[in-house]
Structures are given as structure tokens and as C-alpha cells.
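Taking it in order: structure first as C-alpha cells, then the write-up.
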């Protein structure tokens, strides 16, 4: 009976993902604990035929982890339909939580043949490019706010769209101390941040994600993206229009919210 309910609810959420619709909140039994939410997410992801183009880290801010009593972030797959070019339009709804500014990495497919656990020192050999990106986050359910990591994790990681700025060939920089800013002129909204708010730093977040991917025996057999978490928190969308994000030394990225 429980498995039948899980399967039926996952079908509804998958359909909402594919059709850009909003459904009633899924039962708390699938979201309250992160371990159960992760199982539910994997079930939903297994029903999507679109290619996976990468993975995201969610809940990478230590204050949020402490508030929600979690010890580490979570990981979710990112599908091709959720990746669009910088400057493109993104439609939002009442279940959209906000917008984030992140560092993303393009990882070489040779990573999948690597052996052993990754460290912050040996991980760099797997990185091809890096870039700034914007993530629009939210639910496909009638939910408001973040009450648990399980809420976000179970709903495809809460990712609505990713927009990537111009990619640069990877080089070693002090990635743990770069100034960031996201700005909407129409709303007179400007939020500053720093890459040091991302699970110590984006490289450490990348290591966390890739070790999870390796543990889960995911193999895409192609280069893929890793989105490392927000440098500015979840910024509320006060007005529709253009949001411009900038990360020191990496560049800029834009999203048109409508």
C-alpha cells in the first residue's frame, strides 16, 4: 500500500515537472526526513526520460543547515530542460521561492573512470571550465518557504531553471573569497554576497557533490555541470524583469523573470 502511494504521488510530481504545473503538497511522510526525501527524489528522477546534464548541491549555507538541523547539503540531478542560456526568460509562479547566484563547474567525463575518494586537492584535474550561473528555485507544489531540506530535495532539488554565463577555462583562483552581487534595477534591489558562504567554498561543495555521484554510481559518459550552491542565499523576486548576477573574476549572467 505504501509503495503504491509513493508511486502514485511520484507520478503526479513527475507530471507537474514535465508540464510546468503546480500540484497539492505531497505527504510529509515523503519529505520530513532527508533520507526519505532523497529516496523519493531518486524515484521521481528515474521516471524522467530527458538527459541529465549535471548535478546541484542544495542547502549549502551553514546558517540554514543549523536552523533546519542538517549536517550536510543534499544533491539532485539537473535535466536538460532546466538549463537555458544567460539572458533568456523564466516564468515564475506563487510557488517560486527566489533566485540564486552560483559558481558552476564543467566536469570532464573522465571523472567517471577515476578511482578513490576525491579531495579538495586532487579534484581540480577533473575540472574543464567554470562560470557564473543563476538558479531560479521553487516548488512544483503549493508550498511556501523552506521548512526542511526534504521539501526541496524531494521536489527535484527545487531547481526550476539554471542560466549559465560565459564559461572560462579552469584556473586556480581564491574561489573561497570572491565578491558577488545580484541586481534588479526595476526593483531597486541589490544583494551582495561572497563565495565563502557556499559550504566553506565552491570547490568544497563540488567535492561533496562528486563524491555523492560516485557513491551513487551515476555515470553519464559525457562532460557535465555541477552547480555548487548560492553565494547570496535565496533572494526574493520583488519585481519581474532582468536580474543581473556578477561574480568577481568569473563574469556575469542574466535572467529575465516574467
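Values quoted throughout were computed directly from the atomic coordinates according to the rules given, and no laboratory measurement underlies them. It should be emphasised that the depicted structure is a prediction, and the values quoted were computed from it without experimental measurement. Neighbour counts run over all protein chains shown; Cβ positions are idealised from the backbone, glycine included.
Would you mind calculating the gained length between residue 69 and residue 189 on full extension (0.36 nm times residue separation, minus the Cα-Cα distance), in nm to one decimal? Before the final figure, lay out the partial values.
On the way: separation 120, 0.36 × 120 = 43.20 nm, distance 3.04 nm.
Here the segment from residue 69 to residue 189 would lengthen by 40.2 nm.
If R0 is taken as 41 Å, the Cβ-Cβ distance between residue 29 and residue 50 corresponds to a FRET efficiency of 0.90. For the range 179-217, the residues whose backbone nitrogen is under 15 Å from a point 7 Å from the Cα of residue 122, taken along Cα to Cβ, are 207-208, 210-212, 214-215. Here the gap between residue 256 and residue 114, fully extended at 0.36 nm per residue and compared with their Cα-Cα distance, gives a gain of 47.2 nm.
Can you give me the C-alpha center-to-center distance between the range 1-78 and the range 189-258, rounded to a whole angstrom? Between the Cα centre of the range 1-78 and that of the range 189-258, the gap is 19 Å. If a spin label sat at a point 7 angstrom from the Cα of residue 18 along the line to its beta carbon, the backbone N atoms of the range 43-59 nearer than 18 Å would be those of 43-53. Quick check for you: which residues of the range 65-109 have the amide N under 18 Å from the point 7 Å beyond the Cα of residue 168 toward its beta carbon? Zone members listed by number: 86, 101-107. When every Cα-Cα distance of the range 2-257 is counted in 10 angstrom steps from zero, the calculated P(r) takes the values 7, 33, 38, 19, 3, 0 percent. Each DSSP beta bridge with both residues in the chain is either parallel or antiparallel, and the antiparallel ones are about 85%.
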